[in-house]
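The values are calculated or read from the model by the stated rules, or taken from the named source; none is laboratory data. Being a predicted model, the structure only gives us computed values, none of them experimental. Cβ atoms come from the backbone with ideal geometry, glycine included; neighbour counts cover every protein chain shown. Surface accessibility is based on the protein's heavy atoms, side chains included, excluding ligands, DNA and RNA. Shrake-Rupley method; radii C 1.70, N 1.55, O 1.52, S 1.80 Å.
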Amino acid sequence: MFRCGSVMVANWHGAKFPTWEYEFSSAPEPRGATHSWELQFVFGNMLMGANRPEDRKLSDEVMEYWTNFAKTGDPNGGSLANWPKHDPKTDAYLDFTADGLVVREGLRKAACELFGSLVMGKLKQ
């Protein structure tokens with residue numbers, strides 16, 4: 001529901017400005033991370049079910065990325081893993097997983113290409 005619109009915006013914005021995309025898939029529940037689940041990690045205010053030592057470590061990394069971005073316009077720096085800039089050719093993004101940070105490419109690419117073609121078709125009409 002949120003992914004494909006975000007990818008379209010990242011593609012448009014990334015054509016002129018540095019852009020970073022992420023997926024937050026770290027969640028203790030079988031259904032996975034829901035919309036805005038990552039906010040507790042961004043602000044370090046962990047909820048029940050997300051207060052394990054690995055959650056605290058991930059929260060520290062998330063807070064450092066967001067702080068770096070607020071200070072410099074780039075989330076990278078320090079000892080953090082490199083978060084690649086969004087590139088429409090690869091659709092690179094950083095996945096915040098329960099096992100750590102993972103650079104991936106093309107999340108739901110086929111579905112988002114279909115979504116984009118439908119939206120662009122409607123906009124042209």
Fill in the blank from the handout: Log entry: pair-distance distribution for the chain, C-alpha pairs binned every 5 Å from zero, whole % per bin is 2, 10, 19, 21, 19, 14, 8, 4, 2, 0, 0
Practice task
First select every other residue whose beta carbon is under 15 angstrom from the beta carbon of G44; then total the charges, Lys and Arg +1, Asp and Glu -1.
Solution key: -3
Exercise for the section: Could you state the angle between the C-alpha long axis of helix 53-72 and the longest principal axis of the C-alpha atoms of the chain, as a value from 0 to 90 degrees rounded to the nearest 10? Expected result: 60 degrees
Fill in the blank from the handout: SASA check, S6, accessible area w/ 1.4 Å probe, all protein chains in place, rounded to nearest 10 Å², comes out at 60 Å²
Fill in the blank from the handout: Env charge @ K85, Cβ radius under 13 Å, K,R +1 / D,E -1, value -3
Practice task
Give the long-range amide H neighbours of E23: residues separated by 5 or more places, or on another chain, with amide H under 5 Å away, using H modelled in the peptide plane at 1.01 Å from N.
Solution key: L94, D95, F96
Exercise for the section: Apply the Debye scattering formula to the stretch 16-85, with a single equal point scatterer on each alpha-carbon and no solvent, then give log10 I(q)/I(0) at q = 0.20 Å⁻¹. Expected result: -0.86
Practice task
Kindly write out, for the stretch 73-86 in residue order, the coupling ³J(HN,Hα) from the Karplus curve 6.51 cos²θ - 1.76 cosθ + 1.60 (θ = phi - 60°), rounded to whole Hz, with x marking Gly and Pro.
Solution key: x, 9, x, 6, x, x, 9, 5, 5, 5, 9, x, 5, 5
Problem - the chain: most fluctuating residue of H13, H35, H86 per GNM, C-alpha cutoff 10 Å - result: H35
